[in-house]
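The values are calculated or read from the model by the stated rules, or taken from the named source; none is laboratory data. What you see is a predicted model; the values in this text were computed from it and never measured. Here the Cβ is made from the backbone with ideal geometry for all residues, glycine too, and neighbour counts use every protein chain on show.
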């Protein structure tokens, strides 16, 4: 009889140990699934934020103009003909080709434009175009002033041929590069 009672006690213990192993394994699987779900959600949020950030950068690239003799992403407020005087900026509409390059040399300008040696708007723009860094620095500064995307870090570097390279790295995965975009401001196509 005593041998039958011993077997009766061992069986529930074995069953309990087996159930604990199954429950523990299930918990590990559920934890893994939960971590992957959270990681996927973070990736989706990050990619959407990068897309929005790129949309903003491309808007700046369209707005980037040198029509005043100074390159900027700020849309001109003085353009066309003001008080009978024709202004260097023909329009404030980036869809109009005249938005990008000065239409005239404003005679009243006497100071040299930054990064140039002239007070002539058209000559200043030609000098800026010839100096890739001077040409792209205002654009890079405007891009760097934008808020960083969610869960990512954006860096910019000036490349040859009037290209601004924008690199996005994932903050949640050891700074893995997730996207690289080469942006050419529309103004670059109007450089001589």
Determine, yes or no, whether residue 152 is buried (at least 20 other Cβ atoms within 10 Å of the Cβ), within 21 Å of the chain's Cα centre (by Cα) and either in contact (Cβ under 8 Å) with a residue 40 or more places away in the chain or farther than 21 Å from residue 45 by Cα (or both).
-> yes
Screening 71, 67 for residues that are touching a residue at least 60 places away in the same chain (Cβ under 8 Å) and surrounded by 19 or more Cβ atoms within 10 Å (Cβ to Cβ) leaves only 71
When you go through 178, 153, 167, 157 one by one, which is the residue that is assigned to a strand (DSSP E or B), modelled with pLDDT under 95, touching a strand residue (DSSP E or B) at 6+ places or on another chain (Cβ under 8 Å) and more than 28 Å from residue 93 (Cβ to Cβ)?
-> 178
Answer with yes or no whether residue 146 is touching a residue at least 60 places away in the same chain (Cβ under 8 Å) and surrounded by fewer than 17 Cβ atoms within 10 Å (Cβ to Cβ).
-> yes
Could you list all residues from region 93-109 that are surrounded by 19 or more Cβ atoms within 10 Å (Cβ to Cβ) and not in a loop (DSSP other than H, G, I, E, B)?
-> 99
Could you say which residue among 31, 112 is assigned to a loop (DSSP other than H, G, I, E, B) and either touching a helix residue (DSSP H, G or I) at 6+ places or on another chain (Cβ under 9 Å) or surrounded by 10 or more Cβ atoms within 10 Å (Cβ to Cβ) (or both)?
-> 112
Would you mind stating whether residue 188 is free of Cβ contacts under 8 Å to residues at least 12 places away in the same chain and either exposed (fewer than 14 other Cβ atoms within 10 Å of the Cβ) or farther than 24 Å from residue 42 by Cβ (or both)?
-> no
Do you know which of the residues in region 181-192 that are touching a helix residue (DSSP H, G or I) at 6+ places or on another chain (Cβ under 9 Å) and assigned to a strand (DSSP E or B) is farthest from residue 123 (Cα to Cα)?
-> 181
